[in-house]
Amino acid sequence: MQKLFKFFLNLIPRPILIRVSYWVRPLIALFLKGTNFTDPIDGKSFRKFLPYGYASVRENVLSPSTLSLERHRLFWLYLKNETSFFSEKHRVLHFAPEQSFYKRFRKMKNIEYTTTDLNSPLADVKADICNLPFDDNSYDFIFCNHVLEHIPDDTKAMQELYRVLAPNGIGIFQIPQDLSREVTFEDDTITDQKERTKIFGQYDHVRVYGRDYFEKLRNIGFTVTEEDYTATLSEEKIKKYCLAKGEIIPVCKKLI
């Protein structure tokens, strides 16, 4: 059964997997129901999570109920425990909205919620992140997670994110990051998909971000907090929620 799950989850492109998941997911969640691990997004518990990965398969990381990965659950916990996102009125812009969050955010009465992407069927506004159709200073929260590694001109994208973020607003821009690498690596001469997956972690990524990612955001104008949020959590919670210990959340503010 586990080998079947791995085949299903890792060979099928994620957009197709998400569509199929609407009818497969409840069956898998029922099969894996237990008490060992908990998805903090919906509070449901399982005897194990599912494997997931492109370049390499990570065991016990994909929630059967929300399809959240480690980064999604960490993001949720940070928003819930450290911000006013769930309690105060905010204007929110969400790039490439994740299925784990989309319906939950859409139902929230305290936020004015706008989604955007070039291709996602969940996008309210079809837009190029390097040329956004939004006014300056429009949004109190901007979420742009695991998007910038796909964008050839990420400097222009960051400038646009800064432009539309309101003064004192918060942007969370998670990316896949190699913290052992000081300098970001990119090479547009590598076009073979298998080679790109091997080097960049996914066939449609254009770079591997290093520790200099945070400084690049600062050079745009953001005040950046490199939030190691798992360091504030107990080992028990890290294990219970299946989090990636040491993953950094880039919390970006526009202080004017």
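Across bins of 5 angstrom width beginning at 0, how are the C-alpha pair distances of segment 81-124 distributed, in whole percent?
6, 23, 30, 25, 11, 4, 1
Would you list Thr66, Thr225 from fewest to most Cβ contacts within 10 Å? Present the calculation step by step, with values, prior to reporting the outcome.
On the way: Thr66 24, Thr225 14.
Least to most surrounded, the residues fall as Thr225, Thr66.
Which FRET efficiency, nearest 0.05, do Ala244 and Met108 yield, Cβ-Cβ r, R0 25 Å? Don't skip to the answer; put the middle values down first.
Working: r = 26 Å, r/R0 = 1.05.
So, using R0 = 25 Å, E works out to roughly 0.40.
Given contacts defined as C-alpha pairs under 8 Å and at least six residues apart, what's the relative contact order of the chain, whole-number percent? All intermediate terms of the calculation are to be shown ahead of the outcome.
Details: 459 pairs, mean separation 39.7, N = 256.
Dividing the mean separation by the residue count of the chain yields 15 percent.
With only alpha-carbon atoms counted, please give the Rg and Dmax of the chain, in Å.
18.1, 55
Determine the gain in length on full extension of the stretch Tyr203-Glu226; use 0.36 nm per residue of separation and subtract their C-alpha separation, reporting nm with one decimal. Kindly include the intermediate steps, with their values, before the conclusion.
Details: separation 23, 0.36 × 23 = 8.28 nm, distance 2.72 nm.
Length gained, Tyr203 through Glu226: 5.6 nm.
Quick one: Karplus J couplings for segment 97-112, per residue in order, coefficients 6.51, -1.76, 1.60, θ = phi - 60°, nearest Hz, x for Gly and Pro?
So the Karplus estimates, Gly and Pro as x, are x, 6, 4, 4, 10, 3, 5, 5, 5, 4, 7, 6, 7, 8, 10, 9 Hz.
Mind listing the long-range amide H neighbours of Asn36? Cut-off is under 5 Å, sequence gap 5 or more, other chains count too, H placed in the peptide plane at 1.01 Å from N.
HN-HN under 5 Å from Asn36: Phe46, Arg47.
Kirkwood hydrodynamic radius, segment 120-167, all distinct C-alpha pairs: what's the number in Å?
Working: mean 1/r = 0.0883 Å⁻¹.
Mean inverse Cα-Cα distance, inverted, gives 11.3 Å.
Whole-Hz ³J(HN,Hα) for each residue in segment 139-154, computed from phi via Karplus 6.51 cos²θ - 1.76 cosθ + 1.60 with θ = phi - 60°, x for glycine and proline: what do you get?
Taking θ as phi minus 60°, the curve returns 10, 7, 10, 10, 10, 9, 9, 6, 10, 4, 5, 9, 9, x, 9, 6 Hz for segment 139-154.
Using a Förster distance of 35 Å, how high is the FRET efficiency between Glu88 and Lys237, based on the Cβ-Cβ distance and rounded to 0.05? Let's see the in-between values first.
Numbers: r = 25 Å, r/R0 = 0.73.
After rounding, the FRET efficiency stands at 0.85.
Let me check against my output: what whole-number percent is the relative contact order of segment 58-154, with C-alpha pairs under 8 Å and at least 6 apart?
Working: 115 pairs, mean separation 24.4, N = 97.
About 25 percent, as a whole number.
Any chance you could get the radius of gyration and Dmax over the Cα atoms of segment 83-181, in Å?
Looking at segment 83-181, its Cα Rg and Dmax stand at 13.3, 42 Å.
For the pair Asn119 and Phe134, how long in nm is the line joining their label points, each one 7 Å along Cα→Cβ?
Here the modelled spin labels are 2.1 nm apart.
The numbers here are math on the coordinates, done by the rules we state, and not lab data. All values derive from a computational prediction rather than experimental measurement. Reconstructed Cβ throughout: ideal geometry from the backbone, glycine too, with neighbour counts over all protein chains shown.
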